[in-house]
1. Give the residue from PHE214, GLY279, LEU14 lying farthest towards the positive end of the charge dipole for the chain; charges sit on Cβ (+1 for Lys and Arg, -1 for Asp and Glu) and the dipole is referred to the Cα centre.
2. Quick one: 3J(HN,Hα) in Hz for the stretch 31-44, Karplus 6.51/-1.76/1.60 with θ = phi - 60°, rounded, Gly and Pro as x.
3. Tell me the carbon and sulfur percent of the accessible area for the stretch 165-297, rounded to whole percent, probe radius 1.4 Å.
4. On a 30 Å Cα-Cα criterion, which of the cross-link pairs LYS265/LYS327; LYS243/LYS265; LYS245/LYS327; LYS209/LYS326; LYS182/LYS265 come out too long?
5. Which residues' amide hydrogens lie under 5 Å from the amide hydrogen of GLY121, considering only partners 5 or more residues apart or on another chain, with H built in the peptide plane?
6. Probe of 1.4 angstrom, ligands and nucleic acids ignored: what's the accessible area per residue over the stretch 22-161, in square angstrom?
7. Just the number, please: percent antiparallel of the DSSP beta bridges in the chain, rounded to the nearest 5.
8. Provide the per-residue ³J(HN,Hα) series for the stretch 264-275, in order, calculated from phi with Karplus coefficients 6.51, -1.76, 1.60 and θ = phi - 60°, each as a whole number of Hz, with x at glycine and proline positions.
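The values are calculated or read from the model by the stated rules, or taken from the named source; none is laboratory data. Treat the numbers as computed from the prediction; the structure is a model and nothing was measured. Here the Cβ is made from the backbone with ideal geometry for all residues, glycine too, and neighbour counts use every protein chain on show. Quick note on the areas: whole protein, heavy atoms, side chains included, nothing else; ligands and nucleic acids left out. Shrake-Rupley method; radii C 1.70, N 1.55, O 1.52, S 1.80 Å.
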Amino acid sequence: MFEPFTLKDIAKALGLSTSTVSRALRDTHEISPETKKLVLEYAQQINYRPNPIALSLKERRSKSIGVSLSEVANQYFAQVVNGIESIAYDRGYHVIITQTHEFYEREKINIQHLASRSVDGLLVSLSAETTDTAYLQNLHQRGLPIVFFDRVTDQIKTHQIIANNEKGSFEATEYLINQGCKRIAHLTSSAHLSISVERLNGYKQALAKYNLPFNEAYVKYCAHGGMFQDETATAIKELMNLKEKPDGIFAGSDRLSIGTLVVFKELKIKVPREMIIAGFCNADVLDLMSPTLTSVRQPAFEMGQIATDMLLNLIESKYPVYDFEKKILDTSLSVRGN
């Protein structure tokens, strides 16, 4: 079992008391320059690192933040994490990342473990299964700073940061309409998720603007947001079995967008000749794929940066914070495959 060096080890090796070693490492004025030099050189030689648990008990701060998100294999969330780390490490905080894989129970276990390890705050993007946020409300009421990003809830009064999902989905649906599509289907995640609600609204607004009827049969909810390819395949096959098949598809997430391309390839339906697809997707590989799709890109890196800055400001505030902000970042439409 690995045993890191302790203050006692340094004290024993140098023939000093542990309190003297501790004060020398903290550069206090009571210790002579010679003793400080001796202690610091030896600590560097053995690669001594202070015990973070002991420090957190003493200072009541661990200098670490927890992150709960769907999965880092998703390009969008990977970009968010890069943004989070770019701010956190510059400000002296460690980042602990947990993945829900779209399961509520896993999310709950992960976050409760992070809280028990005394993280200073949480950045949370809710799982596709999450409808009950009582455990998060409890942690927040007990004083744990929380900031929500991407998939948010209004059940907890705190900072939120999201993309302009309605605008993005409106533009993607409008693009399909301008390509001549009249029967546009929408693949989305769980109906209760904030991103699902907002993207469905944008889709409906575009249909209404161009006097196209909204057909509930063209909306397919994937309970885990396309995390499992069978979900996407089942949804698309149901759409293609309709009497009036769709001639365009708007996919509401990275997983669903890529998964839709895969399913149509398996069905030997040519994209975009026989089916035009647009969707939310931050995957850089889209530019290399054939067939490809027109995508709504979210400022994921910026979202991670701003969310982290919001959280660290809450953590470091000397006074209680009562004014919270919901920040909405703009999206962009990348047209491909014409």
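1. LEU14
2. 9, 5, x, 5, 5, 4, 4, 4, 5, 5, 5, 5, 4, 5
3. Within the stretch 165-297, the accessible surface is 52 percent carbon and sulfur.
4. LYS265/LYS327; LYS245/LYS327, as the Cα separations exceed 30 Å there.
5. Sorted by chain and number, the residues that satisfy this are GLY66.
6. Values: 7200 Å² over 140 residues.
About 51 Å² of surface per residue is accessible.
7. Bridges in the chain are about 10 percent antiparallel.
8. Per-residue couplings from phi come out as 5, 5, 5, 7, 6, 9, 6, 10, x, 4, 9, 8 Hz.
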